[in-house]
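Taking it in order: structure first as structure tokens, then the write-up.
The values are calculated or read from the model by the stated rules, or taken from the named source; none is laboratory data. Quick caveat: nothing in here was measured; it's all calculated off a predicted structure. All Cβ positions, even for glycine, are placed from backbone atoms using ideal geometry, and neighbour counts span all protein chains on display. Surface areas here come from the heavy atoms of the whole protein model, side chains and all, with no ligands, DNA or RNA. Shrake-Rupley method; radii C 1.70, N 1.55, O 1.52, S 1.80 Å.
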Amino acid sequence: MSQSIISPAIISPATQIDPNYNFAYLNEQTKKMIRRALLKAIAIPGYQVPFAGREMPMPYGWGTGGVQITASILTPDDVLKVIDQGADDTTNAVSIRKFFQRTAGIATTLNTSTATVIQTRHRIPEQKLQQGQILVYQVPIPEPLRFLEPRETETRKMHAFEDYGLMHVKLYEDISQHGHIATTYAYPVMVEDRYVMDPSPIPKFDNPKMNNNPALQLFGAGREKRIYAIPPYTKVVSLDFEDHPFEIQAWDQPCEICGAGDSFLDEVIMDDQGTRMFVCSDSDYCQSRSEVQS
Amino acid sequence: MNSLPATGFPNPSEDAAHSFRSLLTAMSHPASIQPLTTNLPSVAKLNPAASLIALTLVDHESTVWLDDDLDDETVKQFFKFNCSAPLTKQPNQAMLAFFSHCPSPQDLSGFNKGNATYPDASTTLIIQVKSLNHGNAVTLTGPGIQTEQALKVDGLNKNFWPWFKTNQTIFPLGNDVILAAPDCLTALPRTTKIAEAN
């Protein structure tokens, strides 16, 4: 299990920067370009700002958008946490953490409340975020309307005219086919009553955490070259219908390791006989709860 | 050229990282006062906060507009030497506009407000003010502000807040404002609303 691999140390201290790299890998001009896009993204919550995404030393789909944002916001004083599907110890999280240890000499942590910057793939930590923390999402497809309308010229206009009827039709078709809204991840949200936004493929379980969050939330799509943001204390509403209100996933049982009844659970297959186990997807949350109990 | 242009950050990478972080915090917590992270000298009439913003955000891809008081050789030399910035006198061409003092609403009418498909194309206005510690208080609300935030500014003319209110009505278009005092800065993104103006 992932929980036994994680070391109990709260912070891995800052290390020496590899002298062959500029601080946090990117050159200063690239950072300026991304920084200008970030300020625009915060000023227009939920709107996708185009940016000149660079090639990174990792393939698209591994978080190149998130990595470019993290590289542009990091200072030498930051403490970085990286999670992939809630876990600190999966390949993507480990390699991005090592990337910034090497190129920024940055202190890292596995602990949610200790981190100042958290880069995430497809989860929001269970532990409530605080003002001053920054959550950086890795985004594969930033356009919530893309599967409904493939042309960028058209989706741009749909956002301009607030023409979101098509998205409601999609959710309605879910209901007519399945009896309920069957979208379970990348569930569309309305930001500050203006822009419909893709929250990245987080489970809809995490959607309510985006609303009025004290932390700054930044989204980076490397392949699609878009940056968007939710400022702290901003209204984020999951789309729904009066007679089919938005609902989050629920489980019949608590986490089998820590007993949490309020966290997002992963189903883990234990053997060839089909034995299964439900455990927290957020490894830090699960481990900190287990430590308190033991 | 009879003098060397004013220099940039002593430690370009780290200083820019710290100053951007304060700009990021200012924009995500509108009207919060952010201290300057690097001590810089004034460059002619360009104050330390405005030169910090210039060094952090301006490069060869960002067209800069300077008001008449800033449009002198020393300041232009600073922008060209440190930022490789293209300078323009056309307000609607500017990505960033620097003002030595608060402009009138008429002065601001020509700047790019973005368009419906690309509201991010608007000009960001950097306005130098005397102080962010005293002056008339304004109460602000909006994204990034938990309940409400008071802001005291000395150096804005009386037409600024009515202009800012109008700017808010054309959301998602509109200009974002950064106020640059000699020793600190704050930001007013286009989403910020005025609760009451005294």
Q | Accessible heavy-atom area order of A:E149, A:E242, B:E61, highest first, probe of 1.4 Å | A | A:E242, B:E61, A:E149
Q: Starting from the Cα of A:I175, step 7 Å along the direction of its Cβ; do the same at B:A137; then give the gap between the two resulting points in nm.
A: 4.7 nm
Q. Among rounded, prolate and oblate, which fits chain A when a ≥ b ≥ c are the square roots of the eigenvalues of its C-alpha gyration tensor, a/c under 1.5 means rounded, and a/b larger than b/c means prolate?
A. oblate
(Q) For a quick check, take a GNM of chain B with Cα springs below 10 Å and name the residue from B:T123, B:T169, B:T63 with the largest mean-square fluctuation. (A) B:T169
Q. When the dipole is taken about the Cα centre of segment B:4-197, and only Lys, Arg (+1) and Asp, Glu (-1) are charged at their Cβ, what size is it in debye, to the nearest 20?
A. 380 debye
Q: Set Lys and Arg Cβ to +1 and Asp and Glu Cβ to -1, take the dipole of the protein assembly as shown about its Cα centre, and tell me which of A:S288, A:T75, B:L66 lies farthest positive.
A: B:L66
Q) Measuring from label point to label point, each 7 Å out along Cα→Cβ, what is the A:T15 to B:S104 span in nm? A) 6.1 nm
**Q.** Additional length obtainable on full extension of the chain from A:D243 to A:T114, 0.36 nm per residue less Cα span
**A.** 42.3 nm
Q) Given springs between every Cα pair under 10 Å in a Gaussian network model of chain B, which of B:I127, B:I53, B:I145 has the largest fluctuation? A) B:I145
Q. Where a ≥ b ≥ c are the square roots of the eigenvalues of the C-alpha gyration tensor, would you call segment B:74-137 rounded, which needs a/c under 1.5, or, failing that, prolate if a/b is larger than b/c, or oblate?
A. oblate
Q. Taking springs between alpha-carbon atoms closer than 10 angstrom, which of A:H178, A:H168, A:H122 fluctuates most in the Gaussian network model of chain A?
A. A:H178
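Is the C-alpha gyration tensor of segment B:28-108 telling us rounded, prolate or oblate? Criteria: a/c under 1.5 is rounded; beyond that, a/b larger than b/c is prolate, otherwise oblate. Display every interim value, and only then the final one.
Working: a/c = 1.41, a/b = 1.12, b/c = 1.25.
Rounded shape, in that the Cα axes give a/c under 1.5.
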Q) If A:M270, A:M56 are ordered by their accessible area, calculated over protein heavy atoms with a 1.4 Å probe, which sequence runs from highest to lowest? A) A:M270, A:M56
Q: Enter the angle in degrees (range 0 to 90, nearest 10) between the Cα long axis of helix B:73-83 and the first principal axis of the Cα atoms of chain B, meaning the one along which they spread out most.
A: 90 degrees
Q: For chain B, build the charge dipole from Cβ charges (+1 Lys, Arg; -1 Asp, Glu) around the Cα centre, then report which of B:I194, B:I53, B:A121 sits farthest towards its positive end.
A: B:I194
Q) Using Cα pairs under 8 angstrom and six or more residues apart, how large is the relative contact order of chain B, in percent? A) 23 percent
Q. What number, rounded to the nearest 500 deg cm²/dmol, is the helix-based mean residue ellipticity at 222 nm of chain A, given -39500 (n - 2.57) per DSSP H run of at least four residues and division by all its residues?
A. -8500 deg cm²/dmol
Q. Rounded to the nearest 0.05, what FRET efficiency do A:R151 and A:Y60 have when you use their Cβ-Cβ distance and R0 = 22 Å?
A. 0.55
Q | Candidates per chymotrypsin sites (Phe, Trp or Tyr not before Pro) in segment A:150-256, loop by DSSP, up to 15 other Cβ within 10 Å | A | A:F161, A:W251
Q.
As a test of reading the structure, rank B:E148, B:E14, A:E55, A:E152 by solvent-accessible area (1.4 Å probe, protein chains only), most first.
A. A:E55, B:E148, B:E14, A:E152
Q: Go through segment B:1-102 and name the trypsin sites (Lys or Arg not before Pro) that are in a DSSP coil and have 12 or fewer other Cβ atoms within 10 Å of their Cβ.
A: B:K89
Q | Neighbour net charge for B:G114 - beta-carbon separation under 13 angstrom, K R +1, D E -1 | A | +2
